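Input: a single structure, listed below in structure tokens.
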Amino acid sequence: MYFENKTVWITGASSGIGEALAYEFARQGANLVLSGRNMEALQRVAQGCAGAKVFIQPLDLSVHGDLPGITKTVLEKTGGVDVLVNNAGLSQRSLAKDTTFEVDKKLVQVNLLGTIALSKAILPHFLGKKAGHYIVITSLMGKFGAPMRSGYAAAKHGLHGFFDALRAELWQENVKVTLICPGFVQTNISVNALTGEGVSQGTMDAATSKGMRPEVLARKILNVARQGREEACFGGKEVLGVYLKRFFPRLLSKIIRKAKVT
């Protein structure tokens with residue numbers, strides 16, 4: 001029970017992967033901090049974490065200036081955090097030519113800058129106790145790009161750059177970084193994805209509806225985190241894109257042009 005009695009802070013915990021992670025961490029004996037924008041949904045998830053000590057802390061990753069104060073509150077209320085799971089984020093379903101720059105900015109503000117801001121806010125705490133673990137839910141779009149994901153892929157690629165560098169800086173401080181790159185997962189990510197004008201798509205993609213179940217992914221995430229792995233990719237045949245990008249990039253380019261990405 002590697003996570004037993006450890007305090008795990010999960011962002012985007014009100015649904016989807018974050019919710020599944022909350023239940024799995026609770027099952028493995030962790031204490032939880034659940035964060036997101038929907039207080040009612042967070043309370044519902046907290047009730048499902050039977051036997052776990054749960055603290056609910058609402059936050060909005062796009063409001064960067066609030067994150068240091070929120071982090072201070074969480075640390076005071078819990079006595080310390082052992083694991084930060086950076087899970088919250090927004091996806092996209094629009095061609096670059098149809099996407100306003102404001103949408104691109106929002107995707108970067110939430111997915112990249114919000115995650116960086118929260119991670120840096122808790123960094124002094126991890127350094128002070130010479131222990132900590134960042135688990136970052138990125139995406140296969142952090143490894144290669146696809147149509148209708150330009151701003152999203154840019155933000156996810158940025159997460160890989162930042163956390164790879166952070167890992168290299170912190171290895172002597174006993175602070176770990178694990179990057180998780182899922183493909184299609186059965187969540188509402190496509191329903192809530194932003195279109196070119198910034199409104200939610202409102203529909204479930206066929207590929208998403210056939211993806212991995214979030215509870216299955218959650219178990220896999222805890223397994224690789226427990227092993228201390230630096231990065232792991234999960235999904236169906238879409239994971240092959242990672243290897244094609246590395247060894248046969250021109251072939252991937254030809255395939256991705258015609259791929260069904262919604």
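Here's the yes/no breakdown for (1) crowded, with 19+ Cβ neighbours inside 10 Å; (2) part of a helix (DSSP H, G or I); (3) at negative phi:
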site: Leu75; (1), (2), (3): no, yes, yes
site: Val81; (1), (2), (3): yes, no, yes
site: Ala88; (1), (2), (3): yes, no, yes
site: Leu107; (1), (2), (3): yes, yes, yes
site: Leu118; (1), (2), (3): yes, yes, yes
site: Pro124; (1), (2), (3): no, yes, yes
site: Ile135; (1), (2), (3): yes, no, yes
Quiz item: Taking into account only those residues within the range 224-249 that are within 16 Å of the chain's Cα centre (by Cα) and not charged (D, E, K, R), which is surrounded by the most Cβ atoms within 10 Å (Cβ to Cβ)?
Solution: Ala225
Quiz item: Are any residues in the range 218-262 in a helix (DSSP H, G or I), out of contact with any strand residue (DSSP E or B) (no Cβ under 8 Å at 6 or more places or on another chain) and charged (D, E, K, R), and if so, which ones?
Solution: Arg219, Arg226, Lys237, Glu238, Lys245, Arg246, Arg250, Lys254, Arg257, Lys258
Self-check item: Criterion violated by Ile137 - all others in (1) free of Cβ contacts under 8 Å to residues at least 12 places away in the same chain; (2) closer than 18 Å to Ala153 by Cβ satisfied
Solution: (1)
Exercise. From (1) free of Cβ contacts under 8 Å to residues at least 24 places away in the same chain; (2) within 27 Å of Ala154 (Cα to Cα), pick out the condition that doesn't hold for Ala117.
Key: (1)
Quiz item: Does the range 183-206 contain at least one residue that is under 14 Å from the mean Cα position of the chain (by Cα), β-branched (Val, Ile, Thr), buried (at least 20 other Cβ atoms within 10 Å of the Cβ) and not in a loop (DSSP other than H, G, I, E, B)?
Solution: yes
Quiz prompt | Answer residue from the range 1-41, given it is touching a residue at least 40 places away in the same chain (Cβ under 8 Å) and of a type in the set (S, T, N, Q) and is surrounded by the most Cβ atoms within 10 Å (Cβ to Cβ) among those | solution = Ser35
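Bear in mind these aren't lab numbers, they're just calculated from the coordinates by the rules spelled out. All values reported here derive from a predicted model rather than from experimental measurement. Every residue, glycine as well, gets a Cβ built from its backbone with ideal geometry; the counts of neighbours run over all protein chains shown.
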